[in-house]
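Below you'll find the structure, written out as structure tokens, and then a few comments.
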There are 2 protein chains.
Amino acid sequence: MSNKTTVTESATDKQTLSQTEQHYFNSYDHYGIHEEMLQDTVRTLSYRNAIMQNKDLFKDKIVLDVGCGTGILSMFAAKNGAKHVIGVDMSSIIEMANKLVKLNGFEDKITLLRGKLEDIELPFPKVDIIISEWMGYFLLYESMMDTVLYARDKYLVEGGLIFPDKCSIHIAGLEDSQYKSEKINYWEDVYGFDYTPFIPLIMREPIVDIVENVNVNTTRSQLIEFDLNTVKLSDLDFKASFTIQAKREDWINGLISWFDIEFPSPEGKKPITFSTGPHAPYTHWKQTVFYLKDDLECEKGDILEGHLTCSPNKMNNRDLDIYLDYEFIAKGVDSERRSKKNKNQYIMH
Amino acid sequence: MSNKTTVTESATDKQTLSQTEQHYFNSYDHYGIHEEMLQDTVRTLSYRNAIMQNKDLFKDKIVLDVGCGTGILSMFAAKNGAKHVIGVDMSSIIEMANKLVKLNGFEDKITLLRGKLEDIELPFPKVDIIISEWMGYFLLYESMMDTVLYARDKYLVEGGLIFPDKCSIHIAGLEDSQYKSEKINYWEDVYGFDYTPFIPLIMREPIVDIVENVNVNTTRSQLIEFDLNTVKLSDLDFKASFTIQAKREDWINGLISWFDIEFPSPEGKKPITFSTGPHAPYTHWKQTVFYLKDDLECEKGDILEGHLTCSPNKMNNRDLDIYLDYEFIAKGVDSERRSKKNKNQYIMH
């Protein structure tokens, strides 16, 4: 299905409307998402810098942009020497992307196709480079990594490149006593009623929010790293272990996680990277907080070790099921009372 | 369809899962919405006060709670003397509501039914009072007023009461030069590309946000009032005129709108009301801003008059189409240059 066909079909659906109305009713639903993503300069400049730094690699290459949105990455690639860029997106935003590509003079260099990558036929049998901004909250929530892997396996030439190609999830301990207790205690008296059955429900929903780095009170542990050149879909269903160590006397009320991204740099230059961690500048991915059932009373040097299991929910595979088991090994003063072992389950939906 | 049946069906879908997992997988999707609504004390206390003030009216009455959510309004009604309350909601939140109703001892007083009101059979042929928190942004966006009217026409006894029963939409002028120009100018150079086709798109999306009252620089005008005792569904497709007057030398960059709510008070007491306007305390409905194509340079006393037309979008009746035509009549200094006439169209989606 070519983009032209899609546009025609869409106009046919609306054939009872005037031209002006057709224009008006084109549903660029959720343009606000694109505004937020573009205005995330950490994200967008990292892609631009990674492409600019590798200009020589992009020169005369065929590039596929998976989930192209407004076409910003396609235009970066075209501007930096690509022979041709194919952008694919399921959303009606592609109609806007088409306007932008023409307006900015890339009409001959960029072909935009609307649809699921799995359903459409590309104008080239193989591509040299895949670019994609596919990452979701906690890296994997509602992510498009599966489509990138499909694109890799079907279209990428042997030795082709994926921008970005390395990503890793990290975890650390978090002090958040006041907010956590307010969030929980609220349900004990809701306008005179007992709403405590809400508490377990709330505890199992990870929170996507900005965390102040000063509240991170343990060392960090890398949970898992994915190399997009070799990762398989089944690897996204994983169990990872972690060990973190308390850095001060404090409370550990939850775990915070984030992801780091790295672009290829085959020419030996320092690779472009960015982090969505609390120690790094703001990104729209923020951080993801998992409250623990326990509030762990820690002393410097205490150890928290455990496993995090992550898998797509079997009922709705856009949701993520996350299980966490941990053992908190307190040392020194009052260590027996402070040590804890527990299991938590979460769902991101 | 009774609630019991629904729960059984839902369990059947999940029959391959263990009991614990069933409990876990019950999708209380979007519980965060309920958290936000409960924590909106202006909203929730207004309902509580309106019911408490009219205790005598609720005594021994049959009450229907349309879109009952967690059941808070049903419990207010039961606690204040209702003979029986029926709560209806389409969402799986009703399973949580059932737990709360039992836990708080209202099992015999409250019956909760899951489903569309239009599809289910109530255990009573008629009800004395309808309570409902059905209001959306700009009052009507994704609102449940249609379901309340269905409930009124089918179930409410002659002379029965609707809580609340009066609502009105208001409009005023707004100075917001800096944010508006930043929001527009951003698209002129997006990482070196011309993204200006986004501008008309952005201009036609009303913005739901908190507006500082100090930025309101005209008198207010009531656009329309609905009396839920008599309003017809077709009245929600309306054209209303307004006239507002500048209160100072300033810019009018957009119009701000909000709604006010009033509960019945047949016993002659001062009715309970609340406002979602910028002059009133925060509510989760915030305010709705419509940017104008023009920035109007106003002097004290200048007049802005026009019409606002609001109707459900024909393609997707959850969306609202809003048309605004206006004439700005400047007086005094430089009035000819400053006077403007224009048309704007918006879509809330």
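Averaged over the residues of peptide B:196-204, the number of Cβ atoms from other protein chains lying within 10 Å of each residue's Cβ is 4.
The tail of the calculated P(r) for the range B:14-133, taken as Cα-Cα distances beyond 20 Å, holds 44 percent of the pairs. Normalised by 2.2 N^0.38 Å, where N is the number of residues, the alpha-carbon radius of gyration of chain A equals 1.14.
In this structure A:Asp334 has an accessible area near 80 Å², from a 1.4 Å probe over the protein heavy atoms. The trypsin sites (Lys or Arg not before Pro) of the range A:112-196 that meet both conditions, a loop assignment by DSSP and at most 13 other Cβ atoms within 10 Å of the site Cβ, are A:Lys116, A:Lys126.
Computing FRET efficiency as 1/(1 + (r/R0)^6) for B:Glu107 and A:Asn185, where r is the C-beta to C-beta distance and R0 is 45 Å, gives about 0.95. Modelled this way, with points 7 Å down the Cα-to-C-beta line, the labels at A:Leu201 and A:Lys293 are 2.0 nm from one another.
Inter-copy label distances at B:Asn317, shortest first and taken from points set 7 Å along Cα to Cβ: 3.5 nm.
The residues of the protein assembly as shown expose, per residue, 44 Å² of accessible area to a 1.4 Å probe. Of the whole protein surface, B:Thr243 contributes about 80 Å² of accessible area at a 1.4 Å probe radius. A straight line joining the Cα centroids of the range A:118-188 and the range B:66-90 runs 43 Å.
The fraction of Cα-Cα pairs per 5 angstrom bin, counted from 0 for the range B:71-142, comes to 3, 15, 26, 24, 19, 9, 3, 0 percent, rounded to whole percents. Relative contact order of the range B:14-133: 26 percent, from C-alpha pairs under 8 Å at least 6 residues apart in sequence.
The accessible-area loss of the range A:30-51 on complex formation, taken against its chain alone with a 1.4 Å probe, reaches 50 Å² or more at A:Tyr31, A:Glu35, A:Leu38. Compared with the dominant principal axis of the Cα atoms in chain B, helix B:93-103 is inclined by about 50°. Accessible surface ranking for A:Leu103, A:Leu64, 1.4 angstrom probe, highest first: A:Leu103, A:Leu64. Working from the Cα coordinates of the range B:112-190, the gyration tensor eigenvalues give, after taking √(5λ), semi-axes of 42, 16, 8 Å in decreasing order.
Given R₀ = 35 Å, FRET efficiency for A:Glu212-B:Ala240 by Cβ-Cβ distance, to 0.05? With a Förster radius of 35 Å, E is 0.15.
Here's the picture: charge each Lys and Arg Cβ at +1 and each Asp and Glu Cβ at -1 in the range A:215-307, and of A:Leu292, A:Thr243, A:Phe263 the one pushed furthest to the positive end of that dipole is A:Phe263. Rounded to the nearest 20, the Cβ-based charge dipole of chain B about its Cα centre (Lys and Arg +1, Asp and Glu -1) stands at 1000 debye.
Distances between equivalent label points of B:Phe124 across the copies, with each point positioned 7 Å along Cα→Cβ, amount to 7.0 nm, shortest listed first.
Applying 0.36 nm per residue to the separation of A:Thr219 and A:Gln178 and subtracting their alpha-carbon distance, the gain on full extension is 12.6 nm. Buried surface for the A/B pair, taken as the accessible area of each chain alone minus that of the pair with a 1.4 Å probe, is close to 4700 Å² in total. Computed from point charges on the beta carbon alone (+1 for Lys and Arg, -1 for Asp and Glu), the dipole magnitude for the range B:167-348 about its Cα centre is near 400 Debye. With both residues required to sit in the protein assembly as shown, DSSP beta bridges show an antiparallel share near 75%. Of the GluC sites (Glu not before Pro) found in the range A:56-148, those that fall in a DSSP loop while having at most 16 other beta-carbon atoms within 10 Å are A:Glu107, A:Glu118, A:Glu121, A:Glu142. Over the protein assembly as shown, all Cα pairs binned in 20 Å intervals from 0 give whole-percent P(r) values of 15, 41, 38, 6, 0, listed from short to long. Based on the Kirkwood radius over alpha-carbon pairs, what is the Stokes-Einstein translational diffusion coefficient of the range A:235-349 at 10 °C with 1.306 mPa s viscosity, in µm²/s? D = 97 µm²/s.
A 1.4 Å probe over all protein chains sorts A:Tyr323, B:Tyr195 by accessible area into A:Tyr323, B:Tyr195, starting with the largest.
Of the GluC sites (Glu not before Pro) in the range A:225-285, the ones in a loop by DSSP (not H, G, I, E or B) with at most 13 other beta carbons within 10 Å are A:Glu249, A:Glu267.
Any idea what angle helix B:3-13 forms with the longest principal axis of chain B, computed on alpha-carbon atoms, 0 to 90 degrees, nearest 10? Helix B:3-13 sits roughly 90 degrees off the main axis of chain B.
Distances between equivalent label points of B:Asn213 across the copies, with each point positioned 7 Å along Cα→Cβ, amount to 4.1 nm, shortest listed first.
For A:Ile86, the solvent-accessible surface with a 1.4 Å probe is about 0 Å², rounded to the nearest 10. Assuming charge only on the beta carbon of Lys and Arg (+1) and of Asp and Glu (-1), the dipole of the protein assembly as shown about its Cα centre is about 100 debye to the nearest 20.
The values are calculated or read from the model by the stated rules, or taken from the named source; none is laboratory data. What you see is a predicted model; the values in this text were computed from it and never measured. Methodologically, a virtual Cβ is constructed for each residue, glycine included, from the backbone with ideal geometry; neighbour enumeration extends over all protein chains shown. Side chains included, ligands, DNA and RNA excluded: accessible areas come from the protein's heavy atoms. Shrake-Rupley method; radii C 1.70, N 1.55, O 1.52, S 1.80 Å.
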